[in-house]
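As structure tokens, the structure follows; a few thoughts come after it.
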Amino acid sequence: MMLGFWISLVLTVILDNLSPYFYKLFIDIIPTEKWTILFKILMLYVGSRLLSEILENVMRSLGDLALFPASRDARSGVVKKIHKLDFAFHTSKSTGSLISLIKRGDGAFFDFFHSVNINISRTLIGFIIMLIFLFRVRWEFAALSFVSFGLILLSSRKLIRNNMKARKSFNESEDEISEIIVDNLINFETVKLFAKEKWEQKRLLNSFETWIKKLWDYSMSFRIINLVVAGIGNLGLALVLLLGIKYLSTKTITMGDYILIISFITTFYYQFFELIYVLRDVAKQTVDMEKYFGILDEKEKVKDPKNAIILDKIKGEISFKEVNFNYPKNKNKAVKNINLIIKPGQSVAFVGHSGVGKTTLVKLLMRFYDPNSGEILLDGINIKKLKKSNLRSFMGVVPQEPVMFNKSIKYNIAYGIDDVNEESIKAAAKLANLDEFICSLSKKYETNVGERGVKLSGGQKQRLAIARMILKNPEIIIFDEATSQLDSESEKLIQDAFWKAAENKTTIIIAHRLSTIIKAEKIVVMEKGEIKEVGSHRKLLADENSLYSKFWKLQSDR
Ligand SMILES: Nc1ncnc2c1ncn2[C@@H]1O[C@H](COP(=O)(O)OP(=O)(O)OP(=O)(O)O)[C@@H](O)[C@H]1O
Ligand SMILES: [Mg+2]
């Protein structure tokens, strides 16, 4: 296919570049009045134009056959890589700039193919053909053209490099703008709550100031290239034409030759300017693609092991051994010296002030991050030895702030499960105490939940996340209770739903309301990243000076 592409490309360029030669033939034959020969040449000329047009389209179609799947592979490859990357990557990147660089990179990928394969090859082949013809007239013409061509290429090298630098700097500014816009789209509610529309617009305008400056620098670096190219190019053109007139006056060349030179040189210079534009574009595309494909080089921090153990079934025993962890770029340890065993089927609750590291323990257990030291075991196997997807398949997490896909309730409950029927979705929703609410909606299970689930209340989102977890039917369930205060009615609905799902399963519950966890077999009290107390509700309350007793008193006084 690519061979066909190249053959048709070369042929169409050759045919295209024969025009000046035909002009020469016309001019040289007309005075001889051999009309039949002229007619034949004319037909040949028209035929070659037509054939060139056909070949051009064949060439482009063949190119597209290679380009379209390549573009698909590049884009899906980048998404695949993004899926592979860790939590840490996602927390450090902004969605806005990521979208901006992906869009730019994808566009550049398309253009790069055309610029490099079609435009540059076209000009180079055209140049060679011209040199051959000029050389046949007189070598001086070929030499002169060659020198000016070389001079232009040499002088534009550094200029194009500067231009690339300017482009890079402009791209950063462009990403920043995109970051602000997407941040505003995501935080629309906060902006409105604080009536900060004007302030946000000003923030955007401020960023546009640098944007304009950088765009100006970028455009100026173009202008300089244009001036230099035009200067050297036109000088070369003038010299060739002058030399032509000199030879014409001494009758060293024919009128037809002169026309051939003029039309070759003028069409070629036109093409050559195009080439410089194309080179500029290629420079831009290279810069744009660099970051895009740079995503593919991002290093995964939490890797799947080489010879991963694949578990089919688990008992559900979890143990933390001397686990220490701090988030990247955060010196403070989020959790310290964690030692804990959770037996199969046991329910364990974590309590403690905000920020003590409760959610962090779940993230470590899910292998969103790896501990700095110590190990976490599942059924006695270090979780680092398992495939991440295998490990996660055993866990069902109801996150602290559940986020939904901008699709129907049904889609969100059934997320990630292939073959699922309506009844089981409904049954899960019933268990999660959500069915009644869903049935009150006019479109029922087909109701769209909005972006990130904005059309649902906080409690409804949590119950939907519970339904989703129930349907997945994992061996280990983890419930990170929302910090937001729900009314006691919805709180009861959620707790009810959760404990129903928790039956006979290893259960981890992170609770803010202690009433939630009286049922838990083991309560773990944390402070500043460390485990301070472990015991049942009763045992912990028995000690009046325990942290747990303090929490309990505080909450029951309310
Ligand atoms: N991605 C992150 N990067 C850096 N630091 C983080 C990150 N996520 C959490 N932290 C920090 O780690 C500490 C523990 O956070 P964690 O989310 O585990 O608290 P928590 O006990 O779940 O609190 P809450 O009850 O408010 O949910 C906090 O000090 C927090 O600021
Ligand atoms: Mg938390």
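So, in the range 117-138, of the ones that are closer than 12 Å to Ile261 by Cα and of a type in the set (Phe, Trp, Tyr), which residue ends up nearest to the chain's Cα centre (by Cα)? Per the stated criteria, the residue is Phe133. Can you find a residue in the range 407-429 that is in contact with a Ser or Thr (Cβ under 7 Å, 6 or more places away or on another chain) and either among the basic types (Lys, Arg) or surrounded by 15 or more Cβ atoms within 10 Å (Cβ to Cβ) (or both)? Checked the range 407-429: at least one residue is in contact with a Ser or Thr (Cβ under 7 Å, 6 or more places away or on another chain) and either among the basic types (Lys, Arg) or surrounded by 15 or more Cβ atoms within 10 Å (Cβ to Cβ) (or both).
Just to check your reading of the model, which residue among Lys336, Lys331, Lys306, Lys321 is outside the structural domain of Leu154 (by TED's automatic domain parsing) and closer than 17 Å to Lys387 by Cα? Only one candidate qualifies: Lys306. Residue-level check: of (1) under 29 Å from the mean Cα position of the chain (by Cα); (2) within 13 Å of ligand 1 (Cβ to nearest atom), Ile338 misses just (1). Of the helices (runs of 4 or more DSSP H) contained entirely in the range 1-105, those carrying at least 2 residues that are in the same structural domain as Arg122 (by TED's automatic domain parsing) fall at 35-84, 87-92. Given the condition away from ligand 1 (no atom under 16 Å from the Cβ), more than 30 Å from the chain's Cα centre (by Cα), surrounded by 14 or more Cβ atoms within 10 Å (Cβ to Cβ) and more than 30 Å from Leu154 (Cβ to Cβ), answer yes or no: does some residue in the range 271-288 qualify? No: zero hits. Do we have Ser373 as more than 13 Å from ligand 2 (Cβ to nearest atom), closer than 24 Å to Ala467 by Cα and not assigned by TED's automatic domain parsing to the domain that holds Ile186 here? No, not satisfied. Cβ separations smaller than 7 Å between residues 6+ apart or across chains give the following pairs from the range 137-153 residues that are over 15 Å from Leu235 (Cβ atoms) to residues that are of a type in the set (Ser, Thr, Tyr): Arg138/Tyr247.
Among the residues of the range 482-489, is there at least one that is among the acidic types (Asp, Glu), loosely packed, with under 15 Cβ neighbours inside 10 Å and away from ligand 2 (no atom under 16 Å from the Cβ)? There is at least one residue in the range 482-489 that is among the acidic types (Asp, Glu), loosely packed, with under 15 Cβ neighbours inside 10 Å and away from ligand 2 (no atom under 16 Å from the Cβ).
Scanning the range 492-531 for residues that are more than 22 Å from Ala429 (Cα to Cα), touching a residue at least 40 places away in the same chain (Cβ under 8 Å) and more than 16 Å from ligand 1 (Cβ to nearest atom) turns up Ser515, Lys519, Ala520, Glu521, Lys522.
Regarding the range 428-450, can at least one residue be identified that is assigned to a loop (DSSP other than H, G, I, E, B), within 27 Å of the chain's Cα centre (by Cα) and either in the same structural domain as Pro474 (by TED's automatic domain parsing) or modelled with pLDDT of 90 or more (or both)? There is at least one residue in the range 428-450 that is assigned to a loop (DSSP other than H, G, I, E, B), within 27 Å of the chain's Cα centre (by Cα) and either in the same structural domain as Pro474 (by TED's automatic domain parsing) or modelled with pLDDT of 90 or more (or both).
Can you find a residue in the range 356-363 that is over 30 Å from Ile118 (Cβ atoms), at pLDDT 90 or above, within 24 Å of the chain's Cα centre (by Cα) and within 16 Å of ligand 2 (Cβ to nearest atom)? Yes, the range 356-363 has at least one match. Close Cβ contacts (under 8 Å, 6 or more residues apart or on different chains) running from residues in the range 209-225 that are without any contact (Cβ under 8 Å) to a residue 60 or more places away in the chain to residues that are among the aromatic types (Phe, Trp, Tyr) comprise Trp211/Phe170; Lys214/Phe170; Leu215/Phe170; Asp217/Phe170; Tyr218/Phe170.
The values are calculated or read from the model by the stated rules, or taken from the named source; none is laboratory data. For clarity, every value in this text was computed on a predicted model and none was experimentally measured. When we count neighbours, we look across all protein chains shown, and the Cβ atoms used for this are built from the backbone with ideal geometry, even at glycine.
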